[in-house]
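The values are calculated or read from the model by the stated rules, or taken from the named source; none is laboratory data. As the structure is a computational prediction, the values presented were derived from the model and not from experiment. Reconstructed Cβ throughout: ideal geometry from the backbone, glycine too, with neighbour counts over all protein chains shown.
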């Protein structure tokens with residue numbers, strides 16, 4: 001299951017280098033899936049920092065240190081663009097990561113989701129579903145209001161959604177009951193016309209969330225919006241890979257690759273999961 005990672009960048013021009021993606025765990029695999037769907041010819045490296053998850057319980061200083069360590073490891077492997085697929089790291093460490101990379105393009109998950117929500121909402125009433133830590137940071141509210149000052153944004157932590165997604169429970173009476181418990185008060189007190197899935201675990205629950213909120217509420221998937229931002233960034237910099245039918249995918253974990261492999265099967269179709277999850281150590 002685990003094996004020694006290759007540390008030297010592949011001998012390729014910038015266009016042929018892979019896209020690097022990191023998260024504190026497996027939730028960012030929804031971002032990988034969305035990028036694969038939009039850019040099937042691009043090769044992807046995904047690193048889940050499973051030894052130190054969740055980032056949401058850590059201080060901003062610690063999250064920033066972890067994000068920079070993870071970034072350095074992906075850069076060592078050779079990448080042309082970095083995706084910060086962790087909402088917590090995107091909220092508190094994105095600028096520090098950009099400074100560390102000094103010119104390498106970096107895309108976080110918060111800004112693309114905020115932009116899509118600001119443009120999708122008719123009334124300006126927007127609800128953000130996230131982990132409790134992301135809600136506490138207020139990153140989505142700031143980004144949405146920077147684009148649309150009249151927006152009224154309500155953020156709500158939905159921690160059980162993470163556990164349900166990792167267990168592979170995306171539908172059924174239990175999932176629907178939890179969704180109603182979280183969403184009914186939001187619908188009643190805020191009456192949003194747009195909901196942002198502000199955690200990368202949540203897209204797998206979209207069908208149940210749709211059942212609860214009804215057909216008239218727009219649902220913004222931050223994984224899908226991030227994939228579109230990646231495509232636009234590659235095109236603007238002339239970094240889109242040359243045409244090939246299918247890029248490679250490599251998955252790395254900092255601990256328990258067997259569990260990572262098991263949970264990954266709940267986020268990715270079988271054909272996107274490599275035969276081997278590679279174990280890496282981020283410490284010197």
Exercise. Spot the failing condition for residue 42; the list is (1) more than 12 Å from the chain's Cα centre (by Cα); (2) under 18 Å from residue 198 (Cα atoms); (3) at pLDDT 95 or above, and only one is missed.
Key: (2)
Quiz item: Does residue 98 fit the bill of being in contact (Cβ under 8 Å) with a residue 60 or more places away in the chain and either over 23 Å from residue 42 (Cβ atoms) or in a helix (DSSP H, G or I) (or both)?
Solution: no
Quiz item: What about residue 153, is it in contact with a strand residue (DSSP E or B) (Cβ under 6 Å, 6 or more places away or on another chain) and either modelled with pLDDT of 95 or more or under 29 Å from residue 239 (Cβ atoms) (or both)?
Solution: yes
Quiz item: Which number in (1) under 20 Å from residue 27 (Cα atoms); (2) in a helix (DSSP H, G or I); (3) touching a helix residue (DSSP H, G or I) at 6+ places or on another chain (Cβ under 8 Å) marks the one condition that residue 180 misses?
Solution: (1)
Quiz item: Just for region 74-95: of the residues that are assigned to a helix (DSSP H, G or I) and within 14 Å of the chain's Cα centre (by Cα), which one is nearest to residue 219 (Cα to Cα)?
Solution: 87
Exercise. Go through 187, 251 for me and flag whichever is assigned by TED's automatic domain parsing to the domain that holds residue 123 and either in contact with a helix residue (DSSP H, G or I) (Cβ under 9 Å, 6 or more places away or on another chain) or at pLDDT below 90 (or both).
Key: 187
Quiz item: Just checking, which of 50, 71 is part of a loop (DSSP other than H, G, I, E, B), under 18 Å from the mean Cα position of the chain (by Cα) and at negative phi?
Solution: 50
Quiz item: Taking region 194-231, which residues are surrounded by 16 or more Cβ atoms within 10 Å (Cβ to Cβ) and part of a loop (DSSP other than H, G, I, E, B)?
Solution: 198, 199, 200, 201, 217
Quiz item: In this structure, does residue 117 turn out to be under 21 Å from residue 187 (Cα atoms) and either part of a helix (DSSP H, G or I) or modelled with pLDDT of 95 or more (or both)?
Solution: yes
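So that you can scan it fast, the table gives a plain yes or no per residue for (1) buried (at least 22 other Cβ atoms within 10 Å of the Cβ); (2) in contact with a strand residue (DSSP E or B) (Cβ under 6 Å, 6 or more places away or on another chain):
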residue: 22; (1), (2): yes, yes
residue: 32; (1), (2): yes, yes
residue: 39; (1), (2): no, no
residue: 64; (1), (2): no, no
residue: 73; (1), (2): no, no
residue: 91; (1), (2): yes, no
residue: 101; (1), (2): no, no
residue: 118; (1), (2): yes, no
Self-check item: Counted residues, region 241-264 - those being loosely packed, with under 14 Cβ neighbours inside 10 Å and closer than 19 Å to residue 167 by Cα
Solution: 1
Quiz item: Taking region 189-215 as the region of interest, how many residues are at positive phi and in contact with a strand residue (DSSP E or B) (Cβ under 8 Å, 6 or more places away or on another chain)?
Solution: 1
